[in-house]
1. Out of Gly94, Gly137, report the one residue that is of a type outside the set (Ser, Thr, Tyr), more than 30 Å from Ala53 (Cα to Cα) and either loosely packed, with under 12 Cβ neighbours inside 10 Å or without any contact (Cβ under 8 Å) to a residue 60 or more places away in the chain (or both).
2. Just checking, which of Leu86, Leu173, Leu178 is in contact with a Gly (Cβ under 9 Å, 6 or more places away or on another chain), crowded, with 19+ Cβ neighbours inside 10 Å and within 25 Å of Ala53 (Cα to Cα)?
3. For region 152-159, indicate whether the set of residues that are surrounded by 15 or more Cβ atoms within 10 Å (Cβ to Cβ) and part of a helix (DSSP H, G or I) is non-empty.
4. Hey, among Thr77, Thr73, Thr56, which residue is in a strand (DSSP E or B) and hydroxyl-bearing (Ser, Thr, Tyr)?
5. Of the conditions (1) surrounded by fewer than 12 Cβ atoms within 10 Å (Cβ to Cβ); (2) touching a residue at least 60 places away in the same chain (Cβ under 8 Å); (3) more than 22 Å from Pro69 (Cα to Cα), Phe145 satisfies every one except a single condition; which number is it?
6. Collect the residues in region 97-124 that are part of a loop (DSSP other than H, G, I, E, B), in contact (Cβ under 8 Å) with a residue 24 or more places away in the chain and surrounded by fewer than 16 Cβ atoms within 10 Å (Cβ to Cβ), keeping them in residue-number order.
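Only the coordinates and a few stated rules stand behind these numbers; no lab work does. Everything numeric here is computed off the predicted structure, so don't read it as measured data. No Cβ is skipped: glycine too gets one built from the backbone with ideal geometry, and neighbour counts run over all protein chains shown.
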Amino acid sequence: MAELDTSGGGKHKGGKIRSKKASTRIDLTAMVDLAFLLITFFIMATTLAKPKAMDTFWPDKTKKDVQLPVPETRTMTILLGSGDQLEWWVGPAGATPPTKDNFGKNGIRKALIENGKKIEATHAGPDNYMIVLVKAGDKSTYKDFVAILDELNITGIQSRAVVDITPAETALLKKDGLD
């Protein structure tokens, strides 16, 4: 470590005689060691944000499986449109007019809960649960798809399927301004 010579003049003739000042020398090595130990401790003790992911299982496109029949009386179909909007209906297509809705607790979540309770009340036996079919339109976004899966998780709907949208349903979205 370098030191600064602060001694007074006085060695030459005719110079003033000054008193010797004590040099102040502070050794910061221990403080630097402590700082690095604290930084290391806080880095090791901190938990980083865990990524939030949802497991989804997609069928193999190369296999052509036989589609099991879905009872239409227990089915709720959800069409994802553009601009965070969707349409849904319960039962066979065309039996009831579709309802335009949005995401949130007063939107599709309320409809999922109410329709699930109605289906459980009207169907007896072990197969009295609601089946939800999700169909994404051409202009729907991935954010809307994740939002509807979140709503299905929140409401506890266990029987669900992501299905290709038909041309008639695409025309319905266009007719209702959700394309």
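1. Only one candidate qualifies: Gly94.
2. Being in contact with a Gly (Cβ under 9 Å, 6 or more places away or on another chain), crowded, with 19+ Cβ neighbours inside 10 Å and within 25 Å of Ala53 (Cα to Cα) holds for just one of Leu86, Leu173, Leu178, which is Leu86.
3. Yes, some residue in region 152-159 is surrounded by 15 or more Cβ atoms within 10 Å (Cβ to Cβ) and part of a helix (DSSP H, G or I).
4. After ruling out the rest, the residue left standing is Thr77.
5. Of (1) surrounded by fewer than 12 Cβ atoms within 10 Å (Cβ to Cβ); (2) touching a residue at least 60 places away in the same chain (Cβ under 8 Å); (3) more than 22 Å from Pro69 (Cα to Cα), only one is false for Phe145: (1).
6. His123
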